[in-house]
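The values are calculated or read from the model by the stated rules, or taken from the named source; none is laboratory data. Model, not experiment: these values are computed from the prediction. No Cβ is skipped: glycine too gets one built from the backbone with ideal geometry, and neighbour counts run over all protein chains shown.
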Amino acid sequence: MENLQQLFIEAGTLMLTGMVFVFTFLGLLIVFINVVLVKLAKKYPDAIVESRASSKRNNNKQDGKSVSPAVVAAISSAVKQYRQQHSAQK
């Protein structure tokens, strides 16, 4: 029984040591990435700002095209049909 307790203590110590190591490593990795980002932002300020702005613009618009009314009608019809079929089953 004494041997089993010793094994549990050793396993717990090893687990905590591993968790602390991983937490420290990931924390240092985040700090390192942020330091590199700050240095790159100072060296190339326009490139980072433009790329972020263009990605936001691309997410909001679909190359100037909107969804056609036929597609909206087809989706609406499919949703209505799905709801009718599944509400009848309950």
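Quick one: is residue 48 modelled with pLDDT of 95 or more and either under 30 Å from the mean Cα position of the chain (by Cα) or not in a loop (DSSP other than H, G, I, E, B) (or both)? Walk me through how you get there before you give the answer.
Working: modelled with pLDDT of 95 or more: no; either under 30 Å from the mean Cα position of the chain (by Cα) or not in a loop (DSSP other than H, G, I, E, B) (or both): yes.
The answer is no for residue 48.
Residues are listed down the side, and each one gets a yes or a no for (1) surrounded by fewer than 10 Cβ atoms within 10 Å (Cβ to Cβ); (2) of a type in the set (S, T, N, Q); (3) assigned to a loop (DSSP other than H, G, I, E, B); (4) at pLDDT 95 or above:
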position	(1), (2), (3), (4)
18	no, no, no, yes
23	no, no, no, yes
40	no, no, no, no
88	yes, no, no, no
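Taking residue 67 as meeting all but one of (1) in a helix (DSSP H, G or I); (2) of a type in the set (Val, Ile, Thr); (3) modelled with pLDDT of 75 or more, write down the number of the exception.
Every listed condition holds for residue 67 apart from (1).
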